[in-house]
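Enquirer: Structure provided below as structure tokens; questions to follow.
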Amino acid sequence: MMWRMIRLFFILFATVKKGIENRVCLYMEQKYLFEENPNPNAKIAFVVWNANDFYVYKDVYKHLPEAEIVVSDTFYSPIWQRGDEHITDLINLLKRHGVNWRVIRHLNLSDEKEKEIIENFFAKYEIIVALRLWTPLATAMFNSWLFKKKSVLMNYGAGKDIITFAPWVAHFNIVLSDGPREHHYFNLLSNSYIVGVPKYDNWFSQTIDSVKIEQIKNRLDPAKKTLLYLPTHSAFSSLYKFSDAVISLADKYNILIKLHYLNSITEENIVKKFKEHKKIFLFDEKDDLLPLFCLADAVLSDSSSASLEAILVDKPLVILDTQEDEKNMTEEKEYNGLWYSSGQVYSKSIEQQIKKPEMAVGEVVKNPEEVGVAVARSFGAEPRFKENRKRLRDELFSYNDGKCGERAAGVIRKYLHGEIKPEPPMLGMAIRSYFSSQAKEYQLKLRKKEKEIEWLKEIAAGRKKI
């Protein structure tokens, strides 16, 4: 009898606690209201979670007057914990580019309420375009609403194969691929169309923001060469092992650092160290990468997909290799409170393969003390890596003609008007079926628990007997 009473107490406590949390979350949802500039004729939604996403979409969006941007809060920290600066910064970026947008905030209400809000928000759109399957496109409780829409996945990095070609890709009807390699793997999961890399249209059409280039250039020492450092995040980021070595180069070179959009969360202390150094020029996800590439004489990177993009724009590359560094696999760095980042690295993934001598596309450094020598060597290294770089570029990136955004928009518009009718491949359909059945079973178990709670409430109220 005693254990039943204890169990009843905790269930009732959890029920009351959840009710209070829901009311608090509803208050916070009402508090955080953001400026919007909606497109009344929008049929296509480009979902962004950070400013980096907008730069991926920018040259596709401009060819689709029937589209608008949907700004979503991040999955890893709701606005009442993190603040709203990341959303207001993104809105300011969208305003500068003169686009239309709406905002859907992080939803932390009851499950049915969350489902209703999400579905109502996206009801007007026929096509959802996204870079990943994050909330609100999918939650632990409900993700089948996306199947009712036409969905398009745009890729935003040619590396990290385990993430890029993960099973969640099958949830999208169409994938827009950068080149032949992605096209091959994406076609196993969905329907792929090679469009090239729209983010680099301004590079190949030579229409990069010249004002921005001059603004940055005027801050640099013209007597020094300029290095651009592009680190990835979490366990396999070179920041843990190489940040001091990069800083030490500041006396000899202009150092530009373009952070990954997660570095400020997963490597907060190292980012703070960069901010305090007067000779480091620090940029984040709000800054366009292309002007930085224009100014760079060489690029330093690690397991980031940005290392592959350095090949696309034909810049000398120094790879800071931490793949075999066991110190980076400590619990502190591997698990950052959000995910186990080591799961993103696969020894046969393309960004790991190019560290092998026979596939090398630039200098590879394992020891921080050797970075300076490797950088100096990289300036005259082109003949050694020329053949491998060309082979990799042809495999990863198609067209490179300044018209990739227009090409991608053409695929989306044909899909909108029913000229493209994709059918999921066998593997993609199997994945969809499996995860859908798992979600339904999970929901069924929850409904059973809810009935049990209601039954216990009836007992507590004296309307039923044990």
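Enquirer: Restricting to the stretch 288-327, count the residues that are among the charged types (D, E, K, R), in a helix (DSSP H, G or I) and within 17 Å of residue 208 (Cα to Cα).
Expert: Applying the first criterion (among the charged types (D, E, K, R)) to the stretch 288-327 yields 288, 297, 302, 309, 314-315, 321, 324-327.
Next, from what is left, pick out any that are in a helix (DSSP H, G or I): 309, 326-327.
After this cut, where a residue has to be within 17 Å of residue 208 (Cα to Cα) as well, the list is 309.
Summing the residues that are among the charged types (D, E, K, R), in a helix (DSSP H, G or I) and within 17 Å of residue 208 (Cα to Cα) in the stretch 288-327 gives 1.
Matching residues to (1) surrounded by 19 or more Cβ atoms within 10 Å (Cβ to Cβ); (2) modelled with pLDDT of 95 or more; (3) under 21 Å from residue 153 (Cα atoms):
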{"site": "41", "(1), (2), (3)": "no, yes, no"}
{"site": "60", "(1), (2), (3)": "yes, yes, yes"}
{"site": "68", "(1), (2), (3)": "yes, yes, yes"}
{"site": "79", "(1), (2), (3)": "yes, no, no"}
{"site": "83", "(1), (2), (3)": "no, no, no"}
{"site": "107", "(1), (2), (3)": "yes, no, no"}
{"site": "111", "(1), (2), (3)": "no, no, no"}
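Enquirer: Among the numbered criteria (1) assigned to a helix (DSSP H, G or I); (2) within 29 Å of the chain's Cα centre (by Cα); (3) surrounded by 12 or more Cβ atoms within 10 Å (Cβ to Cβ), which one does residue 424 miss?
Expert: (1)
Enquirer: Which of the following residues is modelled with pLDDT under 80 and either more than 19 Å from residue 183 (Cα to Cα) or surrounded by 14 or more Cβ atoms within 10 Å (Cβ to Cβ) (or both): 463, 413? Quick ask: steps written out before the conclusion?
Expert: Numbers: 413 fails: modelled with pLDDT under 80.
Residue meeting the stated conditions: 463.
Enquirer: Further, regarding this structure: Within the stretch 236-251, can one find any residue that is closer than 25 Å to residue 159 by Cα, crowded, with 20+ Cβ neighbours inside 10 Å and of a type in the set (Lys, Arg)?
Expert: No.
Enquirer: Checking the condition modelled with pLDDT of 95 or more and of a type in the set (Gly, Ala, Ser), which residue from 237, 264, 248 passes? Outline the logic, then answer.
Expert: Numbers: 237 fails: modelled with pLDDT of 95 or more; 264 fails: modelled with pLDDT of 95 or more.
None of the other options fit; the residue is 248.
Enquirer: Ok, one more. Which residue out of 432, 413, 393 is in the same structural domain as residue 172 (by TED's automatic domain parsing), touching a residue at least 24 places away in the same chain (Cβ under 8 Å), within 30 Å of residue 189 (Cβ to Cβ) and basic (Lys, Arg)? Full working, then the answer.
Expert: Values: 432 fails: in the same structural domain as residue 172 (by TED's automatic domain parsing); 393 fails: in the same structural domain as residue 172 (by TED's automatic domain parsing).
Exactly one residue qualifies, and that residue is 413.
Enquirer: Here's a follow-up. Can you confirm whether residue 34 is surrounded by fewer than 19 Cβ atoms within 10 Å (Cβ to Cβ), touching a helix residue (DSSP H, G or I) at 6+ places or on another chain (Cβ under 9 Å), modelled with pLDDT of 60 or more and outside any strand (DSSP E or B)?
Expert: On the way: surrounded by fewer than 19 Cβ atoms within 10 Å (Cβ to Cβ): yes; touching a helix residue (DSSP H, G or I) at 6+ places or on another chain (Cβ under 9 Å): yes; modelled with pLDDT of 60 or more: yes; outside any strand (DSSP E or B): yes.
Yes.
Enquirer: Another question about this same structure. For the stretch 201-260, what are the residues that are among the small types (Gly, Ala, Ser), in contact (Cβ under 8 Å) with a residue 40 or more places away in the chain and farther than 20 Å from residue 279 by Cα?
Expert: Our first condition is that a residue be among the small types (Gly, Ala, Ser); within the stretch 201-260, this holds for 205, 210, 223, 234-235, 237-238, 243, 245, 248, 250.
Subset that is in contact (Cβ under 8 Å) with a residue 40 or more places away in the chain: 205, 234-235, 237-238, 245, 248.
Passing the criteria: 205, 234, 235, 237.
Enquirer: Moving on to the next point. Given the criteria assigned to a loop (DSSP other than H, G, I, E, B) and under 26 Å from residue 66 (Cβ atoms), does residue 220 qualify? Walk me through it before giving the result.
Expert: Numbers: assigned to a loop (DSSP other than H, G, I, E, B): yes; under 26 Å from residue 66 (Cβ atoms): no.
No; evaluated as a whole, the condition is false for this residue.
Enquirer: Would you pick out the residues in the stretch 170-190 that are assigned to a helix (DSSP H, G or I) and free of Cβ contacts under 8 Å to residues at least 40 places away in the same chain? Don't jump to the end; show me each part of the working.
Expert: First, the residues of the stretch 170-190 that are assigned to a helix (DSSP H, G or I): 170-171, 180-189.
183, 184, 185, 186, listed by residue number.
Enquirer: Is there a residue in the stretch 205-218 that is among the aliphatic types (A, V, I, L, M) and within 30 Å of residue 413 (Cα to Cα)?
Expert: yes
Enquirer: Can you say whether residue 418 is small (Gly, Ala, Ser), outside any helix (DSSP H, G or I) and at positive phi, as far as the supplied structure shows?
Expert: Details: small (Gly, Ala, Ser): yes; outside any helix (DSSP H, G or I): yes; at positive phi: yes.
In short, yes.
Enquirer: Checking residue 405 against (1) closer than 20 Å to residue 184 by Cα; (2) at pLDDT 95 or above, which test does it fail?
Expert: (1)
The values are calculated or read from the model by the stated rules, or taken from the named source; none is laboratory data. This is a predicted model, so every value here is computed, not measured. Using ideal geometry, Cβ is built from the backbone for each residue, glycine included, and neighbour counts are taken over all protein chains shown.
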